[in-house]
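The block underneath contains the structure these notes are about, expressed in structure tokens.
Values in this text are rule-based calculations from the coordinates and carry no lab data. Not measured: the values here are computed from a predicted model. As a convention, Cβ positions derive from the backbone with ideal geometry for all residues, glycine included, and neighbour counts pool all protein chains shown.
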Number of protein chains: 2
Amino acid sequence: MSTPSFRNWQSVQDEALRRIHAREWAPGELIPNEADLAEEFGCARSTVNRALRSLAESGILDRRRKAGTRVAAQPAARATLTIPVMRHEIEERGETYGYQLAYRATQVPPITTSAAMATGSRVPLLHVRALHLASGTPYALEDRWINTEVVPAALEEDFEAISANEWLLHHAPYTHGEIAFSAVSASDDMAEALLCPEGAALFTIDRVTWDGAASVTKVRLLFAPGYQMRTGL
Amino acid sequence: MSTPSFRNWQSVQDEALRRIHAREWAPGELIPNEADLAEEFGCARSTVNRALRSLAESGILDRRRKAGTRVAAQPAARATLTIPVMRHEIEERGETYGYQLAYRATQVPPITTSAAMATGSRVPLLHVRALHLASGTPYALEDRWINTEVVPAALEEDFEAISANEWLLHHAPYTHGEIAFSAVSASDDMAEALLCPEGAALFTIDRVTWDGAASVTKVRLLFAPGYQMRTGL
């Protein structure tokens with residue numbers, strides 16, 4: 001057998017994904033059983049089990065108790081995105097980072113915001129708007145709400161010299177979050193800040209992070225026209 | 001020690017990421033050395049090493065040969081996206097999938113396309129345009145080029161009954177790919193197909209897949225206004 005030995009479930013998973021993408025294991029087709037794969041890979045059967053379980057959770061494999069494991073009829077592709085702090089992203093492009101605070105106030109948020117953050121509908125939150133610039137050119141608009149019951153130190157910070165994006169990284173722990181990507185038409189306010197035509201298509205990231213059951217912050221990042229987020233497949 | 005034992009590098013990595021997000025290991029701070037972590041986690045030092053190496057590759061940790069391992073000053077967030085076949089995505093939303101072929105021809109592509117696919121600038125490729133519908137409503141426009149030197153069987157397929165998106169999954173192996181997400185203003189053609197106003201902001205996925213050194217296909221998917229791609233953090 002020419003297959004090298006696999007020491008951990010991650011490498012078994014990588015090899016299984018390779019075979020699926022290469023159609024050596026075709027969509028809808030039954031794959032070898034765990035015992036045979038463990039022998040082929042020179043690893044424990046539990047290692048194979050862990051790898052196949054992870055692929056089943058992503059909808060790439062289809063496992064049936066009696067009928068064995070098949071490649072899903074429509075196996076999905078998987079991509080991992082790295083989402084850096086704005087300043088770091090801009091500096092990694094070789095550009096000079098710039099930052100301008102536009103607005104900072106404690107206020108009761110719109111009902112959609114308090115609902116998304118699971119805060120009471122009349123609980124005031126800290127609202128911060130700022131512009132990130134790359135070599136002097138508008139790069140992204142940040143519109144953020146901070147739950148100051150969870151991060152009271154934010155009330156002491158004026159966000160004049162450091163963005164909330166970066167400050168929170170150092171001061172606000174979180175356990176998990178939700179992120180959504182979409183396209184938004186620039187309103188007149190957005191267009192004025194980003195120096196782009198009104199109605200321009202803006203790549204947008206919405207993110208809510210949580211510390212256990214309490215929301216930490218909700219942010220919308222609106223990127224200037226032409227922005228692309230890239231990764232490998 | 002209350003820490004449960006960790007059997008594989010993936011679970012060590014998950015615990016390290018949890019500590020970084022929870023700021024138990026703060027940005028810029030030195031983390032314990034591998035031997036101490038291996039003892040705490042009840043696993044081999046090589047398992048700890050593999051986990052920290054993976055986090056360093058993502059820019060989350062900063063490893064220096066002599067100076068030890070620190071949390072990056074600006075640790076990035078990581079998100080995993082699952083990108084299903086269009087029909088599967090629509091059916092999973094509980095909607096009825098629909099498909100309309102708009103165009104199919106073999107032609108020499110624009111120079112930007114042949115460059116992105118690393119095909120010769122005068123080599124004809126198969127060009128397919130189609131509309132995906134959810135319960136009768138336009139959902140996404142697919143604009144695709146297929147390298148028929150790599151996938152000659154595509155020349156025999158009329159793509160009237162099955163989308164190239166789904167057909168390729170079953171007939172065209174690939175080894176890797178690149179994917180980019182952006183926002184595009186609807187041209188008059190796009191607006192007419194998607195039944196949306198001209199200039200509307202469209203969430204867009206561009207993807208090129210490769211079989212070794214040869215490109216397989218290049219596709220642009222333009223989603224109807226309001227589309228969001230979501231995942232956990």
#### Entry: Whole-Hz couplings from phi, Karplus 6.51/-1.76/1.60, listed for segment A:55-63; x for Gly and Pro
5, 5, 4, 7, x, 8, 10, 10, 9
### Message
With a cut-off of 8 Å between alpha carbons and a minimum separation of six or more residues, what is the relative contact order of segment B:9-71 in percent?
### Response
41 percent
### Query
Once amide H atoms are built 1.01 Å from N in the peptide plane, which residues 5 or more positions from residue A:23, or in another chain, come under 5 Å H to H?
B:174
### Query
Looking at segment A:106-198, which trypsin sites (Lys or Arg not before Pro) are in a loop (DSSP not H, G, I, E or B) and have at most 11 other Cβ atoms within 10 Å?
A:122
#### Entry: Distance between modelled label sites at residue B:198 and residue A:82, nm, 7 Å Cα→Cβ extension
4.2 nm
### Message
Tell me the relative contact order for chain B as a rounded percent, counting alpha carbon contacts under 8 Å between residues six or more apart.
### Response
15 percent
### Query
According to the Cα gyration tensor, what semi-axes, each the square root of 5 times an eigenvalue, does the equivalent ellipsoid of segment B:86-223 have, listed from largest to smallest in whole Å?
24, 17, 14
### Reachable aspartates and glutamates from residue B:218, criterion Cα separation under 17 angstrom, eight or more residues apart if same chain
B:142, B:143, B:149, B:166, B:178, B:206
### segment A:86-223, relative contact order in percent, only Cα pairs under 8 angstrom and at least six apart counted
24 percent
### Query
By average Cβ neighbour count within 10 Å, what is the ranking of B:97-105, A:45-53, A:170-178, A:198-206 from highest down?
A:198-206, A:45-53, A:170-178, B:97-105
#### Entry: Extension gain from residue B:155 to residue B:95, taking 0.36 nm per residue of separation minus the Cα-Cα distance
18.5 nm
### Message
For the protein assembly as shown, take the convex hull of the Cα atoms, compute a quarter of its surface area, and give me that in nm², please.
### Response
25.6 nm²
### Radius of gyration and Dmax over the Cα atoms of segment B:75-150, both given in Å
16.3, 47
### Message
Between residue A:19 and residue A:170, what is the label-point separation in nm under the 7 Å Cα-to-beta-carbon projection?
### Response
5.0 nm
#### Entry: Theoretical ellipticity at 222 nm over chain A - DSSP helices of four or more residues, -39500 (n - 2.57) apiece, nearest 500
-7500 deg cm²/dmol
### Query
Rg and Dmax of chain B, using alpha carbons, in Å: what are they?
23.2, 67
